[in-house]
Each structure stands twice: as C-alpha cells, then as structure tokens.
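Working notes, beginning with the structure itself.
The values are calculated or read from the model by the stated rules, or taken from the named source; none is laboratory data. Note that the structure is predicted; figures quoted are calculated from it, not measured. Heads up, the Cβs are rebuilt from the backbone with ideal geometry, glycines too, and the neighbour counts pull from every protein chain shown.
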Amino acid sequence: MTLDRTTPPAIHDAVEFDYVLPAINEEKLSNGIPFYWLNAGVQDVVEISWVFPAGIWYEEKQATSQAVAGLLKNGTSKRTSQQINEALEFYGASLKIGPGNDHSTVTLHTLTKHVPNLLPIVYEILTDAIFPQTELDIYKQNSLQRLMVSLRHCDFVANQRIDAALFGDTHPYGRFTKKETIEGLTREDLLAFYKKHFDLGGVRIFMAGKFGNDVLKNVDDVFGKIAVTVTNHDVKTYDIIQSAEKKQHITNDADGVQGAIRIGRLFPNRHHEDFAPMVVLNTLFGGYFGSRLMSNIREEKGYTYGIYSGLSSYTHRGEITIQTEVGRDVIEPAIKEIYHEMNVICNELADDEELLLVKNYLLGNLLGDLDGPFSILQRWRTLILNGMTIENFNRNIRIYKSITAQELQTLAQKYFDAKDYHEIVVI
C-alpha cells in the first residue's frame, strides 16, 4: 500500500478521546501502613512519597509545620546535615519535603537500583530527626531575612491579605507568618510537632516508576517490619471569620509603581458537585492564557503581563482567587474590567467555538498527565488523600466533555456575583 503524503491525517479534538486512569495497587505493609504503587514507565527511575497529616491545619503553634519541613533532613542522632546531603548526592537522588495546608509530603526521586541504599536514610530522617539548635538558629535567621525582603513586594503582601480576608487571620488557611512568629520558634516546638504528626502510624506511602518485586520487598523490609499503631488524629475545627471590609487598599510602598490585585471568594472543595463544572468555567474565565480575563486585560487593554483566576481545594474548604499585578495608574480600570467580565459571563452564553477550545485545553492537559507514571501517581494521590475513587475521576471527564454553555451560565450566576467577592489592592 502506497502512503498518500498529499492527504494530511485527520485532526481529532481532545473531547473525542477516551481517558483511562491506569489502576493503582493498594496494599498494606506488614505492619498495616497503607501502600499505593504503580509499576509503569520505561526509565529505571522511581518516585516514592510519604504523606503525613502534618500541614498547617494541625499546628499547635504557628509556623511549626514549615519549620519542621525545612529542617527535617538537617540532622539525626547518627548523621549531620552535611552527611545526609552527601549521602543523597552520592546516589544522585533528590529528597524534597513539602509542607502544605493539610499535609506534609516527603518525596524521593532516584534511580531504581539505588532504592535499597536510600530507603534506610529516609527511614532514619523520618524516625530520628533531632533538629539541632544550631540548624534551627540558621533557619530562623534565613527565614527572617526572606520574610523582610518578601514583605517589600506588593504581590507577597496581597497573597497574605486575601487569604486572611476570606478565612480570617486566625484560621489555618488564612493566617500568615510574622516576624515574632519565627522568632518564637523553639527546638521543643519542632520536636513535639514532629513526634506527633510525623509518626509512621499516620503515614501513607505512594510509589511509581519502573521497578520489580525486589523494590516492593525493600519498602516492606524497611518500613513494614517495625511496630506501629495506625493513628487517626483528632481533626480540629475552626470558625471562618471573614473580614468585614470587602475592599482593602493597602499602601505597602508609598513610592511603588505597581499594584497587586487579588479578588476572591470562598468556594466548596472538590467533594462538592459544583467543583468539576467550575473547573471548566474558571478555565474559560481566567484559568489559561486564552481566557477572557487575559484576552481583555492583557491583550486588549495592555494593563498587565498576566492575569489568572485560580480554583483552590483544601481538605476543609476552597476558594476562587483572581490575581494580577498592574501599573499603579491603571489599578482601578483593571478592577473595573475584571468585574465587567464577571457580568458578561453571567449574562451572555459562551459560543460553541470558545467552549470547545476550553474543553480541548483542559482535556489535552489531562491527556499529557496520563502519559507518565509520576503524573499518574499524582492524580491518584489527590484522589486518595481526598477520600475519592476512580469514579470521581470518570465523572469529572464526563462533565468536562458534556457541560453546556447554559449550564456554565447558571453556574456563573451562582458564583460570579461581584458582591460576594473580597478585593485586596496592595501598592
């Protein structure tokens, strides 16, 4: 058969494809620790994550979760910080500790062949970190210097203030680090948080990459043979106390030539039936480079280099936030256009071409995410940590493909009412 090179192949929209999230293996180690793994990929590399209930939500004293994460690999009773880093570098491995609002995650990336050598080091860090006073002193000094520099930037201050306005400055999702908070940290604070919230009885382990049964056995040999008591920490509840001032204009630098704009409102988390439809609506409104906010405020008006709206989901709540930085002289016109776009999306139906573009963008990104073991694992980790299943993933796909312009307009009328939004401007 002769190939006809004068006829181009058919072009298919992303909405036409099937989206299948490869299954993950769900097991328990010998001692009961939950273990999720996915054997996939063509390169001999592995990602292993240990996820702990050790985010900001669980802090007894403010800023401890961040400090524990920052100093977790800075010394054990057997190794100094330098020795730990040298051991990781010897094997060409990366060990990152990421604190968050709800969880703290320790993630190892390494060649598969080095897993047996590295697991004992990670185990030592997770069970025997000592937080040396000298390391804490350096951490506090560096953190204070970074904070002082960051506080000069209008975007940093605006990010702090919008969360405080939406949740309240005493709520875990709304409070922000201050100079006295860092200065007040003690080694005893860090040890207490570490012992309670980095206890292996509360960990969940996730692994993906190309590996054999020997690696599965390695994980169980190191983390599955010790006695643990699987714990469920009491989850505190916090009242949301929103700022009574819906609009706050703050002068952080009297000579500043740029202003940071943050406009936001609370939103349900990903368990709510409106979350997946809002992913589509938010993308259309301000969630990608071709969005309405970008087309108007960047491309047409030239007020900014970039403007985005983001949909954030936490364990206990969520939020929608619009963010941009513009010249001081166009702050008010930019804000006016943001609210104008809210009004338009509530009162005019999106046309078929625009909606198809948004769907193809969303699903095209998802198609890329399903191409590698680490991104597939991330999808599963999000589902599992939120108590969700494959059906939640499949439902989202169906919504992304089938949602109509009328349904988006109804959703916009529910969540894009300007009077429900808090507005922060920092110069």
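Details
- For segment 347-377, filtering for residues that are within 16 Å of Pro22 (Cβ to Cβ) and crowded, with 16+ Cβ neighbours inside 10 Å leaves 6.
- Residue satisfying all of: in segment 302-316; part of a strand (DSSP E or B) and of a type outside the set (A, V, I, L, M, F, W, C); nearest to His153 (Cα to Cα) among these: Tyr308
- Which listed residue, of Ile125, Ile97, is touching a Leu at 6+ places or on another chain (Cβ under 7 Å), in a strand (DSSP E or B) and either not assigned by TED's automatic domain parsing to the domain that holds Val219 or not aromatic (Phe, Trp, Tyr) (or both): Ile97
Table: residues versus (1) hydrophobic (A, V, I, L, M, F, W, C); (2) on the phi > 0 side of the Ramachandran plot; (3) in contact (Cβ under 8 Å) with a residue 40 or more places away in the chain.
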| position | (1), (2), (3) |
| --- | --- |
| Leu118 | yes, no, no |
| Val122 | yes, no, yes |
| Ile130 | yes, no, yes |
| Gln133 | no, no, yes |
| Gln141 | no, no, no |
| Leu147 | yes, no, no |
| Ser150 | no, no, no |
| Val157 | yes, no, yes |
| Leu166 | yes, no, yes |
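- Taken over segment 298-313, the criterion of being out of contact with any Pro (no Cβ under 9 Å at 6 or more places or on another chain) and buried (at least 17 other Cβ atoms within 10 Å of the Cβ) is satisfied by Arg298, Thr304, Ile307, Tyr308, Ser309, Leu311.
- Matching residues, segment 261-289, being in contact with a Pro (Cβ under 7 Å, 6 or more places away or on another chain) and either under 24 Å from Val157 (Cβ atoms) or in a loop (DSSP other than H, G, I, E, B) (or both): Asp274
- From the options Ala40, Ala63, residue that is among the hydrophobic types (A, V, I, L, M, F, W, C) and touching a Ser or Thr at 6+ places or on another chain (Cβ under 6 Å): Ala63
- A single entry from Tyr19, Tyr36 fulfils the requirement of being among the hydroxyl-bearing types (Ser, Thr, Tyr) and under 21 Å from Met207 (Cα atoms): Tyr36.
- Looking only at segment 180-214, and only at residues there that are of a type in the set (Val, Ile, Thr) and farther than 11 Å from Trp37 by Cα, the one that is nearest to the chain's Cα centre (by Cα): Val203
- Tyr238 vs. criteria in a loop (DSSP other than H, G, I, E, B) and within 22 Å of Val426 (Cβ to Cβ): no
- Within segment 232-260, being farther than 26 Å from Thr170 by Cβ and either loosely packed, with under 13 Cβ neighbours inside 10 Å or touching a Pro at 6+ places or on another chain (Cβ under 7 Å) (or both) holds for Ala254, Asp255, Val257.
- Checked against the criterion of being outside any helix (DSSP H, G or I), in contact (Cβ under 8 Å) with a residue 40 or more places away in the chain and in contact with a His (Cβ under 9 Å, 6 or more places away or on another chain), the candidates Glu319, Glu423 yield just one match: Glu423.
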